[in-house]
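The values are calculated or read from the model by the stated rules, or taken from the named source; none is laboratory data. Bear in mind that the values here come from a model prediction, so they are computed numbers and not experimental data. Methodologically, a virtual Cβ is constructed for each residue, glycine included, from the backbone with ideal geometry; neighbour enumeration extends over all protein chains shown. Accessible surface areas use protein heavy atoms only, side chains included; no ligands, DNA or RNA. Shrake-Rupley method; radii C 1.70, N 1.55, O 1.52, S 1.80 Å.
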Amino acid sequence: MADPTNAGPPVLSVSRLAHRVNPEFALRDVDFAVAAGEGVAVIGTNGAGKTTLIRLVAGLLRPADGDIRVCGTTPRRWGQVSRHIGYVQQAKDLPDGVTVETYVKHQLKLRRAEPGRYEELIALADLEQYRHHYVRSLSGGSQRKLHVICAVAHRPDLLILDEPTTGLDPTARETLLELLRSLKKDGVGVLFASHHRDELLALADSVVVLHQGHQVQDASLDAVTRWGERSSLILEAFGEAHLAPLHHWAAQQATPGGPIRAVHTVEHGVKLDLPDGDHQDTLAALVARAHAAGLALRSASYFQPTLADVVRSIVEQVELGDLA
Ligand SMILES: Nc1ncnc2c1ncn2[C@@H]1O[C@H](COP(=O)(O)OP(=O)(O)OP(=O)(O)O)[C@@H](O)[C@H]1O
C-alpha cells in the first residue's frame, strides 16, 4: 500500500472543485489528492456526483470553479496532461472482426506507446492465449482487462476508472482487481468510482465520500469498510409455513437486555438488529436457539450493507453531529 508519508508530489490534486451539472445538481467544494501507487475510491449514494467527478478529473468536463492538477498540470492543457492519464469508461464497445493482437497494437500506436509493450501488456492481463481471438468474443472480464491494459499502454501516472468491476462475475472481478493491484504496485495512482465493498478492500487506500454533490468530511476508509459489519442478521424461514413461527420467535427475542435490539420483516424472513459490540459468535448462538425452539431455517447470515447504505448511515450520523 502507498504510504502517504513517503509519497512524492501527488499525481492528482483536486481543490475546492465545483461544477453545476443542471439546475438541481452541483458538485461543491471537493478536495482530495492521489499519490503515486495510491488507490482512492469515490463512493456515494446514487446520483451523488461520482461519475461527474471522474469525468472532470479525466478532462471530459470543464470545472466551473476550483483546481484540478494532474502531475502539476491542469487537464485543460490536454496535450500535456493526456500522457499522464489513463481512463477506462464505465461501458465501452469493442469493434467487430478485430483480434486482440490487432486491437492492442492499434491502441499502442494511437497512444504513441512503445510497440514492444504489446507482449508485456497481454502477459500482464493474462490474455496471451486469446491474442488471435476476436475482441468481441472475449468474456466480459477479459474485455475489461483489455480496456485497462490499453489505458495504461503509454505508462500514465494516474489511472481513472468508473465502476471497474460492475457487471462482472466474482472470478472475473477478482482477476481484474489483481491486474489493478499490480499496476498500483508499479506506482500507478488509481482513482475509481465504486459501488462495491470488495473493490474498496482490494484497491483503496483512502476514500472520497459524496452525497448530493457534497463531500462528506471525516469519513475514513476504515469507517466505511467496517460500517455495519456484523450489526444485523438475516434469518430466512425454510418455507412459507415456517415464516409466522419465525416472526413470533424473533419478536420474543427482542426484549430489553436480550440478544436483539430490533426486528424487521424482510422477504422470506427477518432482519435482526444487534446491540453495539462484537458479534462474532452471535450468528451461531441465535441459530442454535432457533433450532432449539423447533424453527426450520433456510439460511442465516450477517447482513452486508451496500456502500450506498453505508454512505446514507454516515450522512445521517454527520447530520446528527455525532460521528466518532
Ligand atoms: N449530462 C447530464 N445532463 C443533465 N444531468 C446530468 C447529466 N449527467 C448527470 N446528471 C445529473 O447529475 C447528478 C449526478 O450524476 P452522476 O452520474 O455524477 O452521479 P453518480 O454518483 O455517478 O450516480 P450513479 O451512482 O447513479 O452512477 C444526477 O442528478 C444526474 O441526474
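Residues in the stretch 30-60 that are more than 20 Å from Thr306 (Cβ to Cβ), within 10 Å of the ligand (Cβ to nearest atom) and open to solvent by 10 Å² or more (accessible area, probe 1.4 Å): Thr52, Arg55. For Thr171, state whether it is touching a residue at least 24 places away in the same chain (Cβ under 8 Å), outside any loop (DSSP other than H, G, I, E, B) and of a type in the set (Ser, Thr, Tyr). Answer is yes for this residue. Checking Asp169, Asp126 one by one, the residue that is at pLDDT below 90, within 26 Å of the chain's Cα centre (by Cα) and either surrounded by fewer than 18 Cβ atoms within 10 Å (Cβ to Cβ) or polar (S, T, N, Q) (or both) is Asp169 and no other. Scanning the stretch 178-202 for residues that are away from the ligand (no atom under 16 Å from the Cβ) and of a type in the set (Lys, Arg) turns up Arg181, Lys184, Lys185.
Being assigned by TED's automatic domain parsing to the domain that holds Arg20 and within 16 Å of the ligand (Cβ to nearest atom), is that true of even one residue in the stretch 166-177? The answer is yes; a qualifying residue exists. Inclusion of Thr99 among residues that are in contact with a Phe, Trp or Tyr (Cβ under 8 Å, 6 or more places away or on another chain), away from the ligand (no atom under 14 Å from the Cβ) and without any contact (Cβ under 8 Å) to a residue 40 or more places away in the chain is warranted.
If the condition is being within 18 Å of Asp157 (Cα to Cα), touching a strand residue (DSSP E or B) at 6+ places or on another chain (Cβ under 7 Å) and open to solvent by less than 50 Å² (accessible area, probe 1.4 Å), then the stretch 61-91 contributes Ile68, Val70, Thr74, Pro75, Val81, His84, Ile85, Gly86, Val88.
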